[in-house]
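The values are calculated or read from the model by the stated rules, or taken from the named source; none is laboratory data. Treat the numbers as computed from the prediction; the structure is a model and nothing was measured. Because the Cβ atoms are built from the backbone with ideal geometry, glycine has one as well, and the counts that use them run over all protein chains shown.
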Amino acid sequence: MVLVKEKMAIPIVLDHSSHQSLQGQIFDQLRHLILGGKLKPGAPIPASRVLAEQLAISRNTVLLVYDRLIAEGYLQSRRAIGTYVNLELPETSLAAARRVATLAPVLTETVIRPTIPFIGQSPIERNTRHLDFDFFPDRLDPDLFPHKIWHRYINKVSTGTNTHFSEYCDPGGLPSLREMIADHLGMARGISVSPDQIIITAGSQEGLNLAARLLVKDATLVATENPCYPGAALLFESYYAKLIPVPVDEAGLDVEQLPKSGVTLLYVTPSHQYPLGFTLSIERRLKLLDWARRCGAYIIEDDYDSDFQYRGSPLTALMGLDDYGCVMYLGTFSKSMGAGLRLGYLVVPRVLIQAARSAKALLNNGHAWLDQATMTEFIRSGAYGNHLRRMRHFYSKRRDCLIEALRHHFGSVRLSGLESGLHLAWHLPEDFPDARKLQALALSHGVGIYSIGSGTAYDYGKSVYSARTLILGFSSVNEYQIRAGIQRIADALADLPVPPPFSTATGRGAVVSS
Ligand SMILES: Cc1ncc(COP(=O)(O)O)c(C=O)c1O
């Protein structure tokens, strides 16, 4: 253990034998000091180099923590001056901290699992009010929610004699909704399943929890893409899994680099790799299934945003190609309808049906009936199909606008993830500031763009994308905001003492980047 207490030192204790990463420990402790009022708004934070020296760890680890605290609104970086506790802390975090403070003496005695630094996905938790243009990935535009029709169906299902408010429902979910999902998966994703293989969940996050309850215990080897979705990696960590990073490239997860044996579970995002947006090639899909069969491993296929395919048709889902019964499929309505609905589903191979239903029943005896019934009517009436078409139209225009704005200001930019989804990845050329610096520069000018290590992704730290890739979501910013936000980044770069040699036809000279 290392205890830091010196001039300008912050009391941080690192436990090198802990299951929790060093990054997670520092993040947690700094956040607690801020929320507990021990570090007051406006207080300076030691330079990353200083804290790294004191803790005898790499500076990069500290930088990643600072990036994340900045992105989530706890810290603020002032150019050429230093890093400070944000003057305006996220209110919901403060309220939560007050509640925790009153419970603290009891909790510290009874909580035996280490805290996992996943604060959930709620946008309210993040302090983005100071941002004029926020390209946070995968957030939806609230104005596009179909309020009127949704209310109509809530009214329809909740009045009359056919309601199920007073009784427990099937823990697997409403049969009619599961039938519709099974039909949809057959048509849209090439997956042939019976409705009893589907468990309705509170978003994909609960589906991940169910899968982990079935398959993960202390030291289970779980492989994930590197980088990957933090909601998955941190969840497996919370079950004490041992995580194994597997590199990704333009064809998705590099199957050749998977361990040959020992892995129980692999979490993968084949349609639109999170966060880089690559699509797993068909050749690799088949090799992956072969690997799972040989290893005796299960695969969780997270198909979080395949409803938004802009070019061509999506490849058949992994589960649709699976003859061995080793794939579990995660679907969600968080991207098509809204994350606040908390509606998703897990599709399990036949042998796991009973175990998954029992796990769901133990957790909460099944998903809330009203949401499921409303969603069923929404799909049955054709309103869901219309809504999806409308969303695709808006979001594809925003995607095109973002690509055009980046090209306009920075020339032939290298982008990935354009075919589908609600965000893209921008791979910066060598002569640009690195992703972390550009993120900080943009933030200081009121624009949110996100490096891989900023908390938007789980980065094991050794990927080729760690330093030079930025993630930009385009679903919650309109076309005006997209143009203005990218313009502002271009202006900020041009104002640097040594601007990178980008330029455009509009006056900054020729283009750089591959
Ligand atoms: C890779 C990935 N999977 C799943 C989700 C959705 O999670 P949920 O369905 O729990 O809202 C997200 C949300 O951003 C995501 O990025």
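Annotations
- If you go through segment 218-232 and keep only what is outside any loop (DSSP other than H, G, I, E, B) and within 9 Å of the ligand (Cβ to nearest atom), you end up with CYS228, PRO230, GLY231, ALA232.
- Enumeration of residues in segment 251-310 that are part of a strand (DSSP E or B) and farther than 18 Å from LEU208 by Cβ: GLY252, GLN309
- Among the residues of segment 241-250, those identified as of a type in the set (D, E, K, R) and either within 16 Å of the ligand (Cβ to nearest atom) or part of a strand (DSSP E or B) (or both) are LYS242, ASP249.
- Condition met for ARG189 (crowded, with 19+ Cβ neighbours inside 10 Å, away from the ligand (no atom under 11 Å from the Cβ), modelled with pLDDT under 95 and of a type outside the set (Asp, Glu)): yes
- So SER454, is it modelled with pLDDT under 95, under 24 Å from PRO275 (Cα atoms), over 26 Å from the mean Cα position of the chain (by Cα) and crowded, with 16+ Cβ neighbours inside 10 Å: no
- Residue in segment 106-160 that is surrounded by the most Cβ atoms within 10 Å (Cβ to Cβ), counting only those that are aromatic (Phe, Trp, Tyr) and modelled with pLDDT of 75 or more: PHE135
- CYS169 passes every criterion in (1) modelled with pLDDT under 95; (2) within 16 Å of the ligand (Cβ to nearest atom); (3) farther than 16 Å from ALA317 by Cβ apart from (2).
- Only listed residue being hydroxyl-bearing (Ser, Thr, Tyr) and within 25 Å of PHE27 (Cβ to Cβ), chosen from SER451, SER420: SER451
- Among the residues of this structure, LEU286 counts as one that is among the aliphatic types (A, V, I, L, M) and surrounded by fewer than 24 Cβ atoms within 10 Å (Cβ to Cβ).
- Filtered residues of segment 272-312 (kept if within 16 Å of the ligand (Cβ to nearest atom) and of a type in the set (A, V, I, L, M, F, W, C)): LEU276, PHE278, LEU280, ILE299, ILE300, PHE308
- Residue match in segment 195-217 (condition: over 28 Å from LEU177 (Cα atoms), away from the ligand (no atom under 12 Å from the Cβ) and either part of a loop (DSSP other than H, G, I, E, B) or not assigned by TED's automatic domain parsing to the domain that holds ALA457 (or both)): yes
- Pick from segment 400-447, criterion closer than 17 Å to ALA494 by Cβ and of a type in the set (D, E, K, R), ranking: modelled with the lowest pLDDT: ASP431
- Number of positions in segment 38-59 that are assigned to a loop (DSSP other than H, G, I, E, B) and closer than 14 Å to PRO11 by Cβ: 4
- Top-ranked residue of segment 7-21 - restricted to ones that are within 13 Å of GLU237 (Cβ to Cβ) and surrounded by 14 or more Cβ atoms within 10 Å (Cβ to Cβ), ranked as modelled with the highest pLDDT: SER21
- From the list TYR274, TYR345, TYR329, TYR298, the lone residue that is out of contact with any helix residue (DSSP H, G or I) (no Cβ under 8 Å at 6 or more places or on another chain), in contact (Cβ under 8 Å) with a residue 60 or more places away in the chain and buried (at least 18 other Cβ atoms within 10 Å of the Cβ) is TYR274.
- When segment 370-391 is filtered for residues that are surrounded by fewer than 16 Cβ atoms within 10 Å (Cβ to Cβ) and either under 20 Å from TYR310 (Cα atoms) or hydrophobic (A, V, I, L, M, F, W, C) (or both), the ones remaining, listed by number, are LEU370, GLY385, ASN386, LEU388, ARG389, ARG390.
- Looking only at residues of segment 405-435 that are within 25 Å of the chain's Cα centre (by Cα) and without any contact (Cβ under 8 Å) to a residue 40 or more places away in the chain, we find that the one that is farthest from PHE308 (Cα to Cα) is ASP434.
- Matching residues, segment 177-215, being over 20 Å from the mean Cα position of the chain (by Cα) and small (Gly, Ala, Ser): ALA182, GLY186, ALA188, GLY190, SER192, SER194
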